[in-house]
1. If a residue has to be in contact with a strand residue (DSSP E or B) (Cβ under 9 Å, 6 or more places away or on another chain) and either of a type outside the set (V, I, T) or over 15 Å from A:L265 (Cα atoms) (or both) to count, how many in the stretch A:316-330 make the cut?
2. Scan B:F115, B:F88 and give me the residue that is touching an Asp or Glu at 6+ places or on another chain (Cβ under 7 Å) and touching a residue at least 40 places away in the same chain (Cβ under 8 Å).
3. Here are some residues: B:F131, B:F127, B:F115. Which one is within 14 Å of another protein chain (Cβ to nearest Cβ) and either hydrophobic (A, V, I, L, M, F, W, C) or touching a strand residue (DSSP E or B) at 6+ places or on another chain (Cβ under 7 Å) (or both)?
4. Going through the stretch B:181-193 one residue at a time, which ones are open to solvent by 10 Å² or more (accessible area, probe 1.4 Å) and either at the interface with chain A (Cβ under 7 Å from one of its Cβ atoms) or charged (D, E, K, R) (or both)?
5. In the stretch A:283-336, which residues are in contact with a helix residue (DSSP H, G or I) (Cβ under 9 Å, 6 or more places away or on another chain), in contact (Cβ under 8 Å) with a residue 12 or more places away in the chain and of a type in the set (V, I, T)?
6. Considering only residues that are polar (S, T, N, Q) and modelled with pLDDT under 85, look in the stretch A:168-194 and name the one that is farthest from A:D461 (Cα to Cα).
7. So which of A:L5, A:L68 is closer than 18 Å to A:T80 by Cα and away from chain B (no Cβ under 14 Å)?
8. Looking only at the stretch A:394-437, count how many residues are open to solvent by 40 Å² or more (accessible area, probe 1.4 Å) and either β-branched (V, I, T) or modelled with pLDDT of 85 or more (or both).
Amino acid sequence: MTQKLGTVVSGSVDGGVDVRLDAPVSVEDMAVGRYVTIEGQKQRFFGMITDVGLAVTDQQVSQSPPDLSDPFIAEVLAGTSTYGTLHVLPMLTIGGDAGLLEGPQPVKTIPSHFSLVNLASDEDMEMVFGKEDKERYWIGNPLDMETRLCLNLEEFVKRSNGIFGKSGTGKTFLTRILLIGMLQKSKAVNLIFDMHNEYGWEGSSEGSTHKVKALKQLFPSKVAVFTLDEENSRRRGVSTDFVVRIGFDEIEPEDMVLLRQTLNLTDQAIGAIYQMRRRFGKGWIESTLEMRDTEETRQLLRDLSIHESTFDNLRRGLEKVRRLPFIEPHVATDAVKSVLDYLGRGMNVVLEFGRHRDITAYILVANMLARRIYARYQERMEQAMAEDTTRPTPLVITIEEAHKFLNTEVATQTIFGTIAREMRKYNVTLLVIDQRPSGIDAEVMSQLGTKITCLLDNEKDVDSVLAGISGKSELKTVLSRLAAKQQALIFGHAVPMPVSFQPREYGTAESYRHFAPADAGQVDIEELWG
Amino acid sequence: MEERVGEVIEASTVAFTAQCYELYCLPPLGSLVSTRQGEVELYGIVHHAATGSLEPGRRPIARGRDEASEEDIYRSSPQLLKLLQSEFCALVVGHREGGEMRHYLPPQPARIHGFVYLCGPEEVREFSQSFGFLNLLLNAHLQTPPDELVAASLRRMGLAREDRHDFLVRAGRELALLIGDFNQLKSILGRLR
């Protein structure tokens, strides 16, 4: 059912239109972020309420307020001398001649005077956000609506994307929902750098001891769990597929550059790293660490024109890397190769960090693996293009604490900066998860296709997330009104217009059944045992 | 049923004056009256009424010094009923032509000696379906303050309707849109009960 709200009284394309509410409609029933349709003369417009206001026809009304204890006076004045207003940002045109053929189009004009404004019906929402089907995936419901918000995941994974929000606003749940979606509906495979062990096996839900199932439990045949901390994984009862070890001889100078901040390395020390690598070859870290304070060493440093304090700085940094438990002098297994093997078979890989939640470990490992995997993808893609054979499966790399990889200082150097910028040329994209989007390089932010943001309350963060989008100030109002939990705003490439929504339920037995209907044949062991 | 209340003795495009057949038999302020002009039925709202001497030069004098009651004055001087007259003025607010009710001025004024009827509830209901007449009432330059006249006419119309409250609310909303001055609106709304 459509409900008539009012009529358009003024407006502009840039600023949106003002709507005068009809008498029976209470401003208290309106909410920022809800959707309306406007029946123009030639086309229908689809827009979002960005502000709700009160107005009076005569200033005397506010100067000498009427006696509203008299119900008659109150009834007469509501909607006439005193009335509500809406500010609506038209975003799409639906219906009309072009609309029927090509679907919703961005607005280039506004509806004429006194066009009727209705609450958007479920059919309208469906026309805009589509139905759940082979490519579209239900991620949640627009706020205060029953309609399902569906995301075209095939489109979604073609660009790098970002999920933002303060800590505790539901980023992890949202990410799980999206990962499941990608696993089911897109052809892409995922590589997840799981810093807090939340995506592979059981995660916990905030504020309760209730455990939440994760990818491997829901889709055992499609997900492989890699771990850096075998002992921790075993204790948590995770069935892991591979234990990642990293050898000293695998670490390249480029891997160290990214650690500059965390290891407190100076510019000179970075320069020294490259010199050491040239001098000692593959075993440069070990050789550097083994250098004793002898005349020979001093001579060497003089030859390489490295200052002693720089050398000390470098050694301290390398010592810190050596102390990481998963680092060994030489490793027989090749983590990169096996990740690629799994990915090549269409399996999704979750890399758990176990107890090594130290940011140094996370940056080092994520960067090392991603760099090599990206290089391999690049090779294979170029080869496929040259020989016109099948291209490698699209890959989505999920990283948390993304500002550590993508901040202004290192974004140009790290592989993640490259992936975010070069996007899909080589079929590799990023899913960036972060709580301080302002820390991410503006250039990288601008390249993210779809952004999903939960509540943010830092002005800088809000600005950086919304940078460059039309109707920014209106969306700011919407964003700041999101509830602290389980509400998010999505905008960008994969959705026709910004929409605030409540992510679908995750964590109950029923929700699991919805998520993994294909595996319905496999009876849950927990359920078998009651 | 319509009740005949007088006869037109003066008429213009915007108003007509009628004399009552009986002294003091005046229609109430704000009531809807009608008179015919050929095929056209004219509707007016009573905005002013007066009782006075038939001859402009002869003013009544006080006669009741030795009478016990006011009624006795008229009984002992029966000629008074013939020397005094009651008149009322109605503002033309609409007409009906070819069965269609129109809330604007008719093409011709009323005829002298046209009979004037007080409209019955049925007709009042029909006339008050729409509030187009309010604008005429508000903008007329009359002796009676427009606030009083509007409120009186709406009160009278309300009496003819079963949905009195709803009717007054609708009328009030219409007024709120017509009147820019909030204090005037408040004063009219206050008089509607």
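The values are calculated or read from the model by the stated rules, or taken from the named source; none is laboratory data. Remember, it's a predicted structure, so these values are computed and weren't measured experimentally. All Cβ positions, even for glycine, are placed from backbone atoms using ideal geometry, and neighbour counts span all protein chains on display. Protein only, heavy atoms only, side chains kept; ligands, DNA and RNA dropped before computing areas. Shrake-Rupley method; radii C 1.70, N 1.55, O 1.52, S 1.80 Å.
1. As a first pass, look at the stretch A:316-330 and keep what is in contact with a strand residue (DSSP E or B) (Cβ under 9 Å, 6 or more places away or on another chain): A:321, A:324, A:326-330.
This time we only want the ones that are either of a type outside the set (V, I, T) or over 15 Å from A:L265 (Cα atoms) (or both), so: A:324, A:326-330.
The number of residues fulfilling the criteria is 6.
2. Numbers: B:F88 fails: touching an Asp or Glu at 6+ places or on another chain (Cβ under 7 Å).
After applying the criteria, what remains is B:F115.
3. Values: B:F127 fails: within 14 Å of another protein chain (Cβ to nearest Cβ); B:F115 fails: within 14 Å of another protein chain (Cβ to nearest Cβ).
Going through B:F131, B:F127, B:F115 in turn, just one is within 14 Å of another protein chain (Cβ to nearest Cβ) and either hydrophobic (A, V, I, L, M, F, W, C) or touching a strand residue (DSSP E or B) at 6+ places or on another chain (Cβ under 7 Å) (or both): B:F131.
4. So the first thing to find is which residues in the stretch B:181-193 are open to solvent by 10 Å² or more (accessible area, probe 1.4 Å), and the list is B:181, B:183-184, B:186-187, B:190-191, B:193.
B:D181, B:N183, B:K186, B:R191, B:R193, listed by residue number.
5. A:I285, A:T288, A:I306, A:T310, A:V321, A:I327, A:V331, A:V336
6. Our first condition is that a residue be polar (S, T, N, Q); within the stretch A:168-194, this holds for A:169, A:172, A:175, A:184, A:186, A:190.
Next cut, modelled with pLDDT under 85 only: A:184, A:186.
Values: A:Q184: 32, A:S186: 30 Å.
Step by step, filter the stretch A:168-194, then rank; the result is A:Q184.
7. Values: A:L68 fails: away from chain B (no Cβ under 14 Å).
Result of the check over A:L5, A:L68: A:L5.
8. 5
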